[in-house]
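Here is the structure we will look at.
The values are calculated or read from the model by the stated rules, or taken from the named source; none is laboratory data. Because the structure is a prediction, the values reported are computed rather than measured. Because the Cβ atoms are built from the backbone with ideal geometry, glycine has one as well, and the counts that use them run over all protein chains shown.
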Amino acid sequence: MAGISRNWNGKVFGTNTGNVSLALKGEDDALTGTIRWSDDRFGVVVYDATATFGGGTLALTGKPAGEIPEEVNVGELTATGALTAEGRIDGEWSTTFGTGGTFQLWPHTLETRAVANATSPEQSNISVRTVGAIRLYADDVRSLIDQILKEFTETRAVVTFNDKGNEKNLYSHDFAQILDDLPELRYLKISVQEHEKYGINKLAMVEFAAWGENVIRVQSVHEAWAIGKSEALARHIDGFQRKLATRFRKYGLNVNVVVTVVALAALPGLAGFGRRLIFAASVWGLQGFIGYLHRQYVPNFVLYPAKRKPTLFGKIGPGVLSWGITIVGAVVGAIIYGLLKGELGGSPLMNAMQALTNSM
């Protein structure tokens, strides 16, 4: 079975509470299995289950199997749940008898562990790396998923993305099937995790956001592995970075620092406090406007699903736009300075500025 995990265990809430175990087999569109529900009040009930899984949603029905105590009323079970970004399934259940509520399931793989030399629990080591501005295309996402899954026995990652305001979670193979039909995305998270030692999960995750930080996060009981995996992912992602936009964000608007220094040096060339005040306010406004344009039109992350590879403009466009915004801002600042100094006199704008400075 290449789709949903075979074994799930979890909790049931609502009119009835307890623990539940779900074992599945078959293909995603024709699953069968067994539900074992340990009710906190009435004991264990076993159901024969049929289910389907698609688009990140599990739908199942269960019919009571085996002997049911006479004092216990059991109806046919219906449940629907959605896969979360953490790999859990959350959903709702109901029965024909009128009971109902919610449930949570976690995937469980069957592993044989040697316990003769068991030691005390280890700590979880987390390695976090922040990367720069990212542009991804369809083939880039596929290669990134393959890179994340390396060194995991789990063959599927969970992909979280925002489609028209709705957050969706899909297994990576389902996401790959719809990737070419998706609109431009500005949020993407890819994660995979599996059980390691001492009950701690091994995790690798990348999270990209247009107006936030792009982060790599790796967790393991082995510190060297966590550091090495995060470094390998950072090197892989480095090829998708846009260097100029990265520098603009990373160094805290250093362009603005340069503009401020130049403006301070130029202030003594203006006669009168009013003109110097207008020029200082204009430079401050230009700095804010340049920053706004960069955030709006040179976002920290964009995925172009309909394009398999970047075009020439896709490679150089963000850098050209970033430089263009900065240069235009500098030119506007120079024009304002020339007007205030009288070197560009005779214009209506200069006359208005002259009247304003005379009134101050």
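A few comments on the model shown:
- Any hit, region 204-216, residues being exposed (fewer than 15 other Cβ atoms within 10 Å of the Cβ) and assigned to a strand (DSSP E or B): no
- Selection of region 153-172 for residues being surrounded by 15 or more Cβ atoms within 10 Å (Cβ to Cβ) and either in contact (Cβ under 8 Å) with a residue 40 or more places away in the chain or within 15 Å of the chain's Cα centre (by Cα) (or both) yields Glu154, Ala157, Val158, Val159, Thr160, Phe161, Asn162, Lys168, Asn169, Leu170, Tyr171, Ser172.
- The condition of being among the small types (Gly, Ala, Ser) and either modelled with pLDDT of 90 or more or closer than 30 Å to Lys229 by Cα (or both) holds for only one of Ala79, Ala65, that being Ala79.
- Residue within region 222-243 that is touching a residue at least 12 places away in the same chain (Cβ under 8 Å), within 19 Å of Asp139 (Cα to Cα) and loosely packed, with under 14 Cβ neighbours inside 10 Å present: yes
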